[in-house]
Amino acid sequence: MLRKTILGFALAGAALAFLAEMGRAVGEYDRRERRIGGRPEEWRAGMPQVARLERCLAGVRATVPAGSVVAFESPAPDGARFFAWRWAAYLLPEYDVAPLSDSRTADAAQYLVTYAVRVEDPRIELIRRLPGCRLYRVRRP
Amino acid sequence: MKVAGALAGLVVFHVLLTLLDVLGIPWHPALLVALLLGLSGLAWRFRPRAPETPRLPSDLGWGDGVALFALAGFTLLALTSWTAIPDFFYHWGVKGARFAAVRGTDYAFLAQPWNWAIHPDYPNLLPELYAATALLSGGFEEAGMMLWSGVFFALLLAGARSALRQAGVERFSLQAGMALLALVLGAFGIGHLMAGAADWMIALAVMAAVPPLLRPPDPAGDLAVAFAAAFAAASKIEGVPLAGLLVLVQLVRNVAAERRVPWRAALRLGLPVAAVVLPWLLQAIRHGLLQSTNSGAFDASRAALIGPALWETVNLATWHGFGWAVLLPLPLLFSRKVRPVAAVAALLLLFDLYVYFTAPVDTGFYVLSSFPRLMFQVIPAILVAAIVATEPSGKTPGKSERPAG
């Protein structure tokens, strides 16, 4: 009897937990397009920040050959910049998307995408303005 | 045997894709279809001869209905990608999409110096499944990838049901156990954003090994453990030590039962795991993928960081109190009925602790970001073992079928 009671209470708790999590998730999903703030590490699929980045990167495919090494830079502070880079890599899987902050990127990158930030460097040549970002070609000697 | 059979099929599929990579043959959709048809044909040809026409279990009840509800709720939310694990976007999904784009495992991509962030040394079964799904469906769609978590969740529940039936628990325990397990996993799966996570595969591997670990060792059980182990080793890097633990525990049981070294059991247990681990290791070494952050010197002083972080993860809100189940392996070791399951869970958790004391990374952050998911890998099997262990002896058991695999 004690065992069944314990199991019953555990079951009731689990049911409440599941319903609470379902309710919270459904509510958050309904409000996702109104979540306009948030650092890159808080981004989730369907949020406007991801959609903005997607619009920016869609133009890269029309210009850059698949398989190219594309450096990526965003204005986020150091830790958050990592996550913005990871989202860019996910949205451009056919390219090798490298973080501009990595010292090894400079030797390998053929193109550079700057998202909501300006980069000045004599080695880069602007080839296209995209929604919210710029696409550069890296000049090689 | 059905869950073990499904895992065996996935393991064989993984080995065949690895072979295609080694031979330099692209993963053409038509070739994938041929492989899947061939595997299905082999499964049909060598299927166990059932004594009667297969049908749904006659003891389906309210608990199964609740489990189905939890599974459906989790899966529907997963399809929106809103509950997707961030790691899907940071590396699992990247690899899957990349492998689909190039029709194979792109080792050159994995070996790029900045791609330390995508765990290039991890086994590739999950990205392979994502890539194959993309190639067969005409494109990489997140919703389709999220469905795999629903599949793994369903197989895990099927494995739990098999284990509880095999153990002969009474009807209330079976139904309550199914409902409890599904609701706990569903709640954590939604709240902790687990859609698309490879941790479902490790949890499934552990659960698939529970039925054979709950009965005296036999050849069918050895194979079930072997393929569960191989599946774990193909899924995540912590699946490799788990595979070793599963094989070791089953081998020790064989030795204890036969009072001699059972070479055939050793072969049954070792070959599937070797077929997965050896190619993975060779490719990782060949392409320079192994990461230095995987191991380091043991540092006991980290206990001051690890202790509080573990306390915080066990009390995580998304566990709703069920995180404390991670402490159950210790008392469950005293139950002869479930000692092998408790041993696997306890040893795996000890291994995880060892990694925290040695990995040269930010320890506190490492525990907080990984231990909730490592707990998720063992808690399902622990809950099933707890129900079996506390089943009163001498009660008329529920219907128990032939070995469940």
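The values are calculated or read from the model by the stated rules, or taken from the named source; none is laboratory data. For clarity, every value in this text was computed on a predicted model and none was experimentally measured. Every residue, glycine among them, receives a Cβ derived from its backbone with ideal geometry; neighbour counts consider all protein chains shown.
I'd like to know if segment B:166-175 contains one or more residues that are buried (at least 19 other Cβ atoms within 10 Å of the Cβ), β-branched (Val, Ile, Thr), over 22 Å from the mean Cα position of the chain (by Cα) and not in a helix (DSSP H, G or I). Yes, segment B:166-175 has at least one match.
Say we look at segment A:20-41 and pick out the residues that are within 29 Å of residue B:66 (Cα to Cα) and surrounded by 15 or more Cβ atoms within 10 Å (Cβ to Cβ); which of these is modelled with the lowest pLDDT? Give the derivation first.
Within segment A:20-41, the subset within 29 Å of residue B:66 (Cα to Cα) is A:20-32.
Filter again for surrounded by 15 or more Cβ atoms within 10 Å (Cβ to Cβ), leaving A:20-22, A:25-26, A:29, A:32.
Details: A:20: 97, A:21: 97, A:22: 97, A:25: 96, A:26: 96, A:29: 93, A:32: 85.
Top of the filtered list is A:32.
Summed over segment A:15-46, residues that are touching a Phe, Trp or Tyr at 6+ places or on another chain (Cβ under 7 Å), of a type in the set (A, V, I, L, M, F, W, C) and facing chain B (nearest Cβ under 7 Å) total 2. Annotation note: Cβ proximity below 8 Å between a residue of segment B:200-215 that is crowded, with 24+ Cβ neighbours inside 10 Å and a residue that is of a type in the set (Asp, Glu) and part of a helix (DSSP H, G or I) (sequence gap 6+ or interchain) occurs for B:212/B:222. Taking segment B:114-134, which residues are over 20 Å from residue B:79 (Cβ atoms) and within 14 Å of chain A (Cβ to nearest Cβ)? Answer for segment B:114-134, where residues must be over 20 Å from residue B:79 (Cβ atoms) and within 14 Å of chain A (Cβ to nearest Cβ): B:114, B:115, B:116, B:117, B:118, B:119, B:120.
Considering only residues in segment B:70-91 that are without any contact (Cβ under 8 Å) to a residue 12 or more places away in the chain and in a helix (DSSP H, G or I), the one that is surrounded by the most Cβ atoms within 10 Å (Cβ to Cβ) turns out to be B:89. Among the residues of this structure, residue B:305 counts as one that is part of a helix (DSSP H, G or I) and either farther than 21 Å from residue B:345 by Cβ or free of Cβ contacts under 8 Å to residues at least 12 places away in the same chain (or both).
Of all residues in segment A:79-99, none satisfies the criterion of being within 19 Å of residue A:118 (Cβ to Cβ) and free of Cβ contacts under 8 Å to residues at least 12 places away in the same chain. The set of residues from segment A:44-57 being within 10 Å of the chain's Cα centre (by Cα) and under 14 Å from residue B:142 (Cβ atoms) comprises A:44, A:45, A:50, A:51, A:54. For segment B:318-328, the criterion of being over 30 Å from residue A:25 (Cβ atoms) and over 17 Å from the mean Cα position of the chain (by Cα) is satisfied by no residue at all.
Within segment B:322-334, is even one residue modelled with pLDDT under 95 and surrounded by 15 or more Cβ atoms within 10 Å (Cβ to Cβ)? Steps first, answer last, please.
Step one: filter segment B:322-334 for residues modelled with pLDDT under 95, giving none.
Checking segment B:322-334: not a single residue is modelled with pLDDT under 95 and surrounded by 15 or more Cβ atoms within 10 Å (Cβ to Cβ).
Annotation note: Cβ proximity below 7 Å between a residue of segment A:1-18 that is at pLDDT below 90 and a residue that is not in a helix (DSSP H, G or I) and not aliphatic (A, V, I, L, M) (sequence gap 6+ or interchain) occurs for A:3/B:390.
Mind checking which residues of segment B:312-370 are within 25 Å of residue B:302 (Cβ to Cβ) and among the aromatic types (Phe, Trp, Tyr)? Of everything in segment B:312-370, those that are within 25 Å of residue B:302 (Cβ to Cβ) and among the aromatic types (Phe, Trp, Tyr) turn out to be B:319, B:324, B:351, B:354, B:356, B:357, B:365, B:366. Residue count for segment A:42-55 under the criterion of being under 20 Å from residue B:190 (Cβ atoms) and loosely packed, with under 15 Cβ neighbours inside 10 Å: the result is 1. The helices (runs of 4 or more DSSP H) found wholly in segment B:92-161 and carrying at least 2 residues that are over 15 Å from residue B:198 (Cα atoms), modelled with pLDDT of 95 or more and within 23 Å of the chain's Cα centre (by Cα) occupy B:93-102, B:125-137. Number of residues in segment A:17-67 that are closer than 22 Å to residue A:93 by Cβ and small (Gly, Ala, Ser) equals 8.
Among the residues of segment B:247-262, those that are modelled with pLDDT of 90 or more and either surrounded by fewer than 12 Cβ atoms within 10 Å (Cβ to Cβ) or within 19 Å of residue B:206 (Cβ to Cβ) (or both) comprise B:247, B:248, B:249, B:250, B:251, B:252, B:253, B:256. Within segment B:58-99, the residues that satisfy the criterion of being more than 7 Å from chain A (Cβ to nearest Cβ) and β-branched (Val, Ile, Thr) are B:66, B:75, B:85. Assessment of segment A:29-41 against the conditions (among the hydrophobic types (A, V, I, L, M, F, W, C) and over 13 Å from the mean Cα position of the chain (by Cα)) yields at least one matching residue. Residue B:147 passes every criterion in (1) buried (at least 24 other Cβ atoms within 10 Å of the Cβ); (2) more than 14 Å from chain A (Cβ to nearest Cβ) apart from (1).
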